[in-house]
Amino acid sequence: MTSYVSLFGLLLDVDGPVASPLTRTVSPEVIGHLVALASAGWPVVFNTGRSDDFIRTQVMEPMIAAGLPDDVLVHAICEKGAVWFSFDGTGPGPVEVDGELALPREYADAVRELVAGSYAGHMFFDETKLAMVSVEQNIDVANADYLAEQEAFDADALALMSRFDMGVCRLDHHAPDSDDSVDYRIDPTIISTDIEALGVGKDLGARRALSLLEAAGTPVPRTWRTVGDSRTDYAMADELHSLGFDVAHVDVRPADGVPAKPYPVLTVPGRIHDDAGEAFLRRWASMAAGTAEDDSAVA
């Protein structure tokens, strides 16, 4: 039987709440809070669309450098559940890939050529992905310029699917004549576009998180905090709530609209992205240290 503890479990999106969407890096303050929380026994699980390579270089290595103990295990669920690995203060364990959720390599090659030939001035092909296909805004490009170009890229990537007999849809669009019999979707974010199998998602990541904790022999917390910067990130809290856990979701970009949910949604007035994420991580670190009682009022 699964055992439960009183500590919070943390299920964290990375882009936005942990890593700056501008610099694509993680601040020393955020790294310090993550190490403090993991060291205090709070299960820390990253649930991200990022690759395992990104998590190793931008999160794992800085956490180890900041003093993550050798015997403290942290889990990273990447590419929205299709890829995962764990690490401690000694380094990473093996990377696992769900082959059934990987896109055809021929399509990935075609998207790489599309970006190189038509869109390299605004975006780059992410060579580190093992299952999904992703392109991302060049750091030196204004976000407004990228978003304008992203519309054209998404349309071209969608049309390219027909060459490979791949049923696909846009995550935020339902074609009037579609019967929804598709295998893949295009999911645009503010700095990237992910092309992914329908089976992936932050809900799959939440289930993998529970499985990884149980497989490691870590008592599963009764109470969870999920953190994200997009509407799709609410799927983490939705899944945990449906499984009977006590959960609250932290939205670090609430200007996109906060949906009605059967669980609390927490925000930081006047703060967004990793600035808001740092505020909550700092508060939770204080709770873990016994110097704060709750996270009902984070400033």
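The rows are residues; the columns are (1) more than 30 Å from Arg105 (Cβ to Cβ); (2) among the acidic types (Asp, Glu); (3) under 20 Å from the mean Cα position of the chain (by Cα).
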| residue | (1), (2), (3) |
| --- | --- |
| Arg207 | no, no, yes |
| Asp256 | yes, yes, yes |
| Glu278 | yes, yes, yes |
| Ala289 | yes, no, no |
For this session: All but one of (1) among the charged types (D, E, K, R); (2) over 23 Å from Ser20 (Cβ atoms); (3) part of a loop (DSSP other than H, G, I, E, B) hold for Glu100, so report the exception by its number.
Result: (3)
For this session: For the stretch 103-142, enumerate the residues that are over 17 Å from the mean Cα position of the chain (by Cα), touching a residue at least 40 places away in the same chain (Cβ under 8 Å) and under 23 Å from Asp165 (Cβ atoms).
Result: Leu103, Pro104, Glu106, Tyr107, Ala110, Val111, Leu114
Problem set entry | Odd one out for Pro94 among (1) at pLDDT below 95; (2) assigned by TED's automatic domain parsing to the domain that holds Thr57; (3) not aliphatic (A, V, I, L, M) | (1)
Exercise. Are any of the residues in the stretch 150-158 of a type in the set (S, T, N, Q), exposed (fewer than 15 other Cβ atoms within 10 Å of the Cβ) and either outside the structural domain of Glu79 (by TED's automatic domain parsing) or in contact with a strand residue (DSSP E or B) (Cβ under 9 Å, 6 or more places away or on another chain) (or both)?
Worked result: no
For this session: Could you tell me whether Ala292 is farther than 30 Å from Ala157 by Cα and in contact with a Ser or Thr (Cβ under 7 Å, 6 or more places away or on another chain)?
Result: yes
Exercise. Within the stretch 23-52, which residues are without any contact (Cβ under 8 Å) to a residue 40 or more places away in the chain, farther than 29 Å from Ile195 by Cα and in contact with a strand residue (DSSP E or B) (Cβ under 8 Å, 6 or more places away or on another chain)?
Worked result: Ala38
Problem set entry | Candidates Ala216, Ala237 - the one that is touching a strand residue (DSSP E or B) at 6+ places or on another chain (Cβ under 9 Å) and loosely packed, with under 14 Cβ neighbours inside 10 Å | Ala216
Problem set entry | From Ala285, Ala248, residue being buried (at least 16 other Cβ atoms within 10 Å of the Cβ), part of a helix (DSSP H, G or I) and either touching a Cys at 6+ places or on another chain (Cβ under 7 Å) or at negative phi (or both) | Ala285
Exercise. Taking Tyr184 and the conditions (1) touching a Phe, Trp or Tyr at 6+ places or on another chain (Cβ under 9 Å); (2) in the same structural domain as Ser20 (by TED's automatic domain parsing); (3) not β-branched (Val, Ile, Thr), which numbered condition does it fall short on, given that it satisfies the others?
Worked result: (2)
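The values are calculated or read from the model by the stated rules, or taken from the named source; none is laboratory data. If you're wondering where the values come from, they're calculated on a predicted model, not measured in any experiment. When we count neighbours, we look across all protein chains shown, and the Cβ atoms used for this are built from the backbone with ideal geometry, even at glycine.
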